[in-house]
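Report on the following structure.
The values are calculated or read from the model by the stated rules, or taken from the named source; none is laboratory data. Quick caveat, the model's predicted, so the values are computed rather than measured. Quick reminder, even Gly has a Cβ in these numbers, built from the backbone with ideal geometry, and neighbours come from all protein chains shown. Note: accessible area is taken over every heavy atom of the protein model, side chains too, but ligands, DNA and RNA are not part of it. Shrake-Rupley method; radii C 1.70, N 1.55, O 1.52, S 1.80 Å.
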Amino acid sequence: MALLQPLPAMAIPQAEAMKKLAVIPVFVLTDTKGIPLPLERNKALVLPLYLDRAKANQELAAFTKANPTIKAGVLPMPMNVALERVQEINKSLKDRKLLSPVIPLPADLNQARTLLGKQGLDQKAIQEGLAVPVFFTQPLITIQTPQGERGLFFFDYASLQKAMAGIPDRSKLTVQAADLSAVMDQIVKQPKDTYAFYPTPDYFQLVQQQSSRTGAAGPPPAAAPPPVAPRR
């Protein structure tokens, strides 16, 4: 998979592809009602979507210091919901546009740059094309879902490594990286629904916290999905 690809003719609706991002929580600066709080940066209106809760909390601390009269917090949202909120806000803006960069973990970004360099891309292409790293293997690691087998993409390198650890012939797998935009292009151009995103650790933690608050019974909500295996 190339770092950047031209937009294909969509076989899977874009909306269906976006729903796959529901298992990827992002952390957003909001007011007490849960309404996103865009930041003024160099005359631009920006709403960072953090994949790392700690980075979002740092942003909150800086915002609170600069705006002591505004009560704010950090709210986790599924990535697809956050992006929908941004679209709604942009529709209401007349003279400005809200930018919503997804902010990855620095370690994952550096790891993706290293992998892309090994894949043959030069540094200029990586610098210009890589914003949100996604990791996968060749052949693809898969998971069995109620809808059938799905090839997996990972937002964090550690989760990919953990998945590979449970595969006996993992030495035959090659780890690669791509930008999220290229991965989404790959998903929508397939004639069938064949891919999924593996939930991030924060997703499992949030599900467990919600289950604890509601007192839900059943198996541990933070348990990982069924064992993965390489796609042949």
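Where does helix 106-118 land angle-wise versus the long Cα axis of the chain, in degrees 0 to 90, nearest 10?
With rounding to tens, the tilt is 40 degrees.
Just want the answer: with Cβ charges of +1 for Lys and Arg and -1 for Asp and Glu, which residue in GLY34, ALA15, GLN119 is farthest toward the dipole's positive end in the chain?
Sorting the options by dipole projection puts first GLY34.
Which one of ASN90, LEU140, PRO25 is farthest out on the positive end of the charge dipole of region 1-140, using unit charges on Cβ (Lys, Arg +1; Asp, Glu -1) and the Cα centre as origin?
Result: ASN90.
Quick one: which of LYS71/LYS91; LYS20/LYS97; LYS19/LYS118; LYS71/LYS94; LYS33/LYS192; LYS19/LYS172 span more than 28 angstrom between C-alpha atoms?
LYS19/LYS118; LYS33/LYS192; LYS19/LYS172
Keeping the other protein chains in place, figure out the carbon and sulfur percent of the accessible area of the chain, with a 1.4 Å probe.
On the way: 7130 of 12860 Å².
Whole-percent figure for carbon plus sulfur exposure: 55.
Got a sec to turn the phi values of region 147-155 into Karplus ³J(HN,Hα) couplings, 6.51 cos²θ - 1.76 cosθ + 1.60 with θ = phi - 60°, whole Hz, x for Gly and Pro?
Here the 3J(HN,Hα) series is 8, x, 6, 9, x, 9, 10, 10, 8 Hz.
Taking +1 at the Cβ of each Lys and Arg and -1 at the Cβ of each Asp and Glu, which of PRO48, PHE204, VAL183 sits farthest along the dipole of the chain towards its positive end, judged by Cα position relative to the Cα centre?
PRO48
Please state, as a whole number in µm²/s, the translational diffusion coefficient that the Stokes-Einstein equation yields for region 43-133 at 37 °C and 0.692 mPa s, with Rh defined as the Kirkwood radius across alpha carbon pairs.
Numbers: Rh = 15.4 Å.
Translational diffusion coefficient: 214 µm²/s.
Suppose every K and R has +1 on its Cβ and every D and E has -1 on its Cβ; what is the size of the dipole of the chain about the Cα centre, in Debye to the nearest 20?
Dipole size: approximately 120 debye.
Compute the Cα gyration tensor for region 30-94, then decide on rounded, prolate or oblate, letting a ≥ b ≥ c be the square roots of its eigenvalues: rounded whenever a/c is under 1.5, prolate when a/b is larger than b/c in the other cases, and oblate in all that remain. It would help to have the intermediate numbers written out before the result.
Details: a/c = 1.61, a/b = 1.21, b/c = 1.33.
Note, shape of region 30-94 comes out oblate.
If we restrict to alpha carbons, what Rg and Dmax does region 103-204 come to, in Å?
Spelled out, the Cα radius of gyration and Dmax of region 103-204 are 13.6, 42 Å.
Can you give me the C-alpha center-to-center distance between region 125-196 and region 28-86, rounded to a whole angstrom?
Using only Cα atoms to place each centre, the spacing works out to 28 Å.
Obtain the radius of gyration and the Kirkwood radius of the chain from its C-alpha atoms and give Rg over Rh. All intermediate terms of the calculation are to be shown ahead of the outcome.
On the way: Rg = 18.7 Å, Rh = 19.2 Å.
My calculation of the ratio gives 0.98.
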